[in-house]
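Each remark here refers to the structure printed beneath this line.
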Amino acid sequence: MPTIPAPARPGRRASGPVAKSKFRPEIQGLRSLAVLMVVSYHIWIGRVSGGVDVFLLISAFLMTLQFTGRYKQGRPMDLLRHWLHLFRRLLPAVVVVLLGTLAATFAFLPPTRWVEVVHQAWAALFYFENWLLQGLAVNYYATDHSLASPLQHFWSLSIQGQVFIMWPVIFATVALLCRRFGLRYRATLAYVFAIIFVVSLAYSVIFTANNQAVAYFDTFARLWEFALGTLLALILPGLNFAKPVRVVMGWIGVVAMLTCGILLQVQTAFPGFVALWPTLAAVFVIAAGQTGSRFGVDRILSSKFLVRLGDNSYALYLWHWPILVIALAWSGKDHAGWLSGTAIIAASLALAFLTTKYVEKPFREWKWPEVKRRRSAIAIAACLAVACAPLLGFQYKQDLDLEAAQAQAFKDNPGAHALLPGYVDLVSDDAKTLPTAEQLPEDWATLAGPCEGESKPDEKMLQEKCQQNGIGDDAVKEILVLGDSHSQQWLAALGPLAEAEHWKVTALLLGGCHFMPENPDAEDGCNDFNAAAFKYAAAKAPDAVFMVGTMASPSSPDEQLVYGFEQTVTNFNDLGIQVVAIRDNPRYDYNVTECALSKGVDSTDCKSDQPDVLAAESPFAAVQGNFGNAAFLDMTDLLCDGVTCPSVVGNMFVYLDDNHLSRTYVTSMGEMFEERWFAATGWQR
């Protein structure tokens, strides 16, 4: 984990733009203890330890010592030089880890995950990984949440990087005010950071209680942890505990730190008030300081081993997570055993030592950039260029591959047409399968943009999930699409049809939420969303509501009507609205696309027998004819060939993952979808 560099050790010449305080080896040992907690919990226990929160506090503590020392000496803050110096020290190790992780990603992870990792590499490099993960935490359509990214641990580094920009601005601003109005610097800082602590902690507690998955990565929800470290640095000189008290404090702090991740489910409770446990534990250890007692915990924390490990803690944190994720992906396991975990830790320690010795330390001791700010900027730009080059190269190759694939003749990518009677296979031997494997996770169907004007719902929950095509109020007909991601995937066929016929299409879609009457077993927020969507439909009175009417079971022929389907159709019919319901596609208990990529598109392992995944008769058969105005669509004969349900049809990937159809393949079904729409609805062209 990156922290402000440790104070200079006795006998060493201090370097850098900010004056250093007396070296405290127990804090370096505390870093080591925190990183060992993080690594061991991640690898062996599979839980979050709370060690990261300790790092955040230490960062602010050391940074505060630097800037208060600088003010006391009457030196200018020189923020630009400080930032250049700091990021010049932090970036080289980041670049090495990013390059190593990218190489391992391309070697060991399936191509469907490459784009995700490249996006996160950009975010990690420029310190906004936590914001990216915030978006993914609420994005139902993001890549499988169960698959860890080898770069997701950069979320904490990103928050630290943001604070490394923010805190010095506060220090400098307060210094300016104090010099102008004759205020006491440390006291004024204490008031400012006490306010930040209280406001941020209150925000964190409320946000965590309402949406913990998003709050976990939120910068402002974490500021109180940094503020606590700063407050500790400001008030510590005024504390004077007796030696026995400090000995007890130190042990209480260490024991509390070590037990935090065991006693608390950190990953689902942080960063609310529960995060006070590890941060206050660290406060106890730092406040205990060097006791001079043979019974003090500082004797252990100041040991040569822990101090030396503290020197490598940043690189160790950087390396351990990508090695763990890549190793598990390569081995096909979901967790590391004691033997494999030990090997992962050994590899992480070795790479951390090499990175610190041959990358981080030489850059830290390089004097040339310290002469002028411009030289520091050049050094940082060079680091960024080294990391950006392969990222830009990957994106350029992706663009070329996509252009080449899109330029292929129709015969090379017939898609669903390959399952029509009389089809003749004319696919070239070197034709690319569409979409490209790297672009598959993003091959989602969407409409032109968000709802605007009269189509914009009044309820905020609907506004955030509402999209529409570009047809205006002069539309011949209006269609409202309701449901979840399985309704959304059919926009790839309905959208072009609506454009051609000048129909207005509005979609209200919530991931994981079938459109249905109130259901006690529904996901949180689903019933409220559906109630609001029905109210919207009643007010707008579209010509038709389009939805998925059945739900298939993974790798099973069990298929049922969506909960309350008959009531739903009746409710809309009573409002004079036609219902167009489409049958659900087969689902699987494994990723059929990754199977095809790893074993080949012709592998029998990636082709399920049709009777094993698709019911012999559509559930619609039992209710067809029971309604006054309902139409039923069944496209499953274009997903299965009567014998098997392949993962690739007509040189196109049928699925994005284990249950969602690719936009590219659904688009290839457009002509057949159009024919069946008009036949089922009775609409005139």
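The values are calculated or read from the model by the stated rules, or taken from the named source; none is laboratory data. Remember, it's a predicted structure, so these values are computed and weren't measured experimentally. In this analysis, Cβ positions are derived from the backbone assuming ideal geometry, glycine residues included, and neighbour counts consider all displayed protein chains. Ligands, DNA and RNA are stripped out before the accessible areas are found, and what is left, the full protein with its side chains, is counted by its heavy atoms. Shrake-Rupley method; radii C 1.70, N 1.55, O 1.52, S 1.80 Å.
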May I ask you to list the residues in region 5-55 that are at pLDDT 50 or above, assigned to a loop (DSSP other than H, G, I, E, B), under 21 Å from Gln290 (Cβ atoms) and not aromatic (Phe, Trp, Tyr)? Lys22, Arg24
Tell me which of these Thr268 doesn't satisfy, since it passes every other one: (1) surrounded by 15 or more Cβ atoms within 10 Å (Cβ to Cβ); (2) assigned to a helix (DSSP H, G or I). (1)
Going through region 246-265 in order, the residues found to be assigned to a helix (DSSP H, G or I) and open to solvent by less than 70 Å² (accessible area, probe 1.4 Å) are Arg246, Val247, Met249, Gly250, Gly253, Val254, Ala256, Met257, Thr259, Cys260, Gly261
Checking Tyr563 against (1) touching a helix residue (DSSP H, G or I) at 6+ places or on another chain (Cβ under 9 Å); (2) under 29 Å from Gln468 (Cα atoms), the condition it does not meet: (1)
Restricted to region 336-360, and to residues that are surrounded by 19 or more Cβ atoms within 10 Å (Cβ to Cβ), of a type in the set (A, V, I, L, M) and at pLDDT 90 or above, which residue is nearest to Leu324 (Cα to Cα)? Ile344
Counting only residues that are in a loop (DSSP other than H, G, I, E, B) and buried (at least 21 other Cβ atoms within 10 Å of the Cβ), which one in region 279-306 is modelled with the highest pLDDT? Val297
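Let's see how each residue does on (1) farther than 18 Å from Asn312 by Cβ; (2) surrounded by 21 or more Cβ atoms within 10 Å (Cβ to Cβ); (3) among the polar types (S, T, N, Q):
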{"position": "Gly29", "(1), (2), (3)": "no, yes, no"}
{"position": "Met37", "(1), (2), (3)": "no, yes, no"}
{"position": "His42", "(1), (2), (3)": "no, yes, no"}
{"position": "Ile45", "(1), (2), (3)": "yes, no, no"}
{"position": "Val48", "(1), (2), (3)": "yes, yes, no"}
{"position": "Asp53", "(1), (2), (3)": "yes, yes, no"}
{"position": "Leu56", "(1), (2), (3)": "yes, yes, no"}
{"position": "Gly69", "(1), (2), (3)": "yes, no, no"}
Are any residues in region 321-335 open to solvent by 50 Å² or more (accessible area, probe 1.4 Å) and either free of Cβ contacts under 8 Å to residues at least 40 places away in the same chain or in contact with an Asp or Glu (Cβ under 6 Å, 6 or more places away or on another chain) (or both), and if so, which ones? Ser331, Gly332, Lys333, Asp334
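Looking at region 361-380, which of its residues are assigned to a helix (DSSP H, G or I), out of contact with any helix residue (DSSP H, G or I) (no Cβ under 8 Å at 6 or more places or on another chain) and surrounded by 12 or more Cβ atoms within 10 Å (Cβ to Cβ)?
Going through region 361-380, the residues assigned to a helix (DSSP H, G or I) turn out to be 361-365, 368-371, 373-380.
From what's left, out of contact with any helix residue (DSSP H, G or I) (no Cβ under 8 Å at 6 or more places or on another chain): 361-362, 365, 371, 374.
Matches in region 361-380: Lys361 only.
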In region 633-645, which residue that is open to solvent by 10 Å² or more (accessible area, probe 1.4 Å) and assigned to a loop (DSSP other than H, G, I, E, B) is farthest from Ala581 (Cα to Cα)? Val643
Pair list, Cβ < 9 Å and 6+ apart or interchain, from region 215-234 residues that are closer than 20 Å to Leu65 by Cα and open to solvent by 10 Å² or more (accessible area, probe 1.4 Å) to residues that are in a helix (DSSP H, G or I) and among the basic types (Lys, Arg): Leu234/Arg186
Candidates Phe87, Phe61, filtered to the one that is aromatic (Phe, Trp, Tyr), assigned to a helix (DSSP H, G or I) and over 27 Å from the mean Cα position of the chain (by Cα): Phe61
Mind checking which residues of region 433-471 are open to solvent by 30 Å² or more (accessible area, probe 1.4 Å) and more than 21 Å from Ala493 (Cβ to Cβ)? Pro450, Glu452, Gly453, Glu454, Lys456, Asp458, Glu459, Lys460, Met461, Gln463, Glu464
Every residue from region 106-148 that is at pLDDT below 85 and in a loop (DSSP other than H, G, I, E, B): Val138, Asn139, Tyr140, Tyr141, Ala142, Thr143, Asp144, His145, Ser146, Leu147, Ala148
Condition first: under 33 Å from the mean Cα position of the chain (by Cα) and either more than 26 Å from Phe534 (Cβ to Cβ) or without any contact (Cβ under 8 Å) to a residue 40 or more places away in the chain (or both). Now tell me which residues in region 559-586 satisfy that. Pro586
Considering (1) in a helix (DSSP H, G or I); (2) open to solvent by less than 60 Å² (accessible area, probe 1.4 Å); (3) out of contact with any Leu (no Cβ under 6 Å at 6 or more places or on another chain), say which one Asp584 fails and leave the rest. (1)
Determine whether Lys607 is among the basic types (Lys, Arg) and touching a Ser or Thr at 6+ places or on another chain (Cβ under 8 Å). yes
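Residue by residue, here is whether (1) among the acidic types (Asp, Glu); (2) open to solvent by 10 Å² or more (accessible area, probe 1.4 Å); (3) out of contact with any strand residue (DSSP E or B) (no Cβ under 7 Å at 6 or more places or on another chain); (4) more than 30 Å from Ala385 (Cβ to Cβ) holds:
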| residue | (1), (2), (3), (4) |
| --- | --- |
| Leu132 | no, yes, yes, no |
| Phe154 | no, no, yes, no |
| Phe197 | no, yes, yes, yes |
| Ser200 | no, no, yes, yes |
Among the residues of region 496-549, write down those that are under 15 Å from Ser455 (Cβ atoms), in a loop (DSSP other than H, G, I, E, B) and open to solvent by less than 20 Å² (accessible area, probe 1.4 Å). Pro542
Residue among Asp474, Asp425, Asp443 that alone is among the charged types (D, E, K, R) and under 24 Å from Phe572 (Cα atoms): Asp474
Among the residues of region 552-590, count how many are on the phi > 0 side of the Ramachandran plot and among the polar types (S, T, N, Q). 1
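Would you please name the residue that is modelled with the lowest pLDDT, looking only at residues in region 602-628 that are open to solvent by less than 60 Å² (accessible area, probe 1.4 Å) and either assigned to a loop (DSSP other than H, G, I, E, B) or of a type in the set (Lys, Arg) (or both)? Before the answer, list the steps.
Initial filter on region 602-628 (open to solvent by less than 60 Å² (accessible area, probe 1.4 Å)): 603, 606, 608, 610, 613-615, 618-621, 623, 627.
If we keep only those that are either assigned to a loop (DSSP other than H, G, I, E, B) or of a type in the set (Lys, Arg) (or both) too, we end up with 603, 614-615, 618, 623, 627.
On the way: Ser603: 73, Leu614: 94, Ala615: 94, Ser618: 95, Val623: 93, Phe627: 91.
Checked region 602-628; the qualifying residue modelled with the lowest pLDDT is Ser603.
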Pairs, please: C-beta under 7 Å, at least 6 apart or cross-chain, first residue open to solvent by less than 10 Å² (accessible area, probe 1.4 Å) and in region 307-320, second assigned to a loop (DSSP other than H, G, I, E, B)? Ser313/Met1; Tyr317/Met1
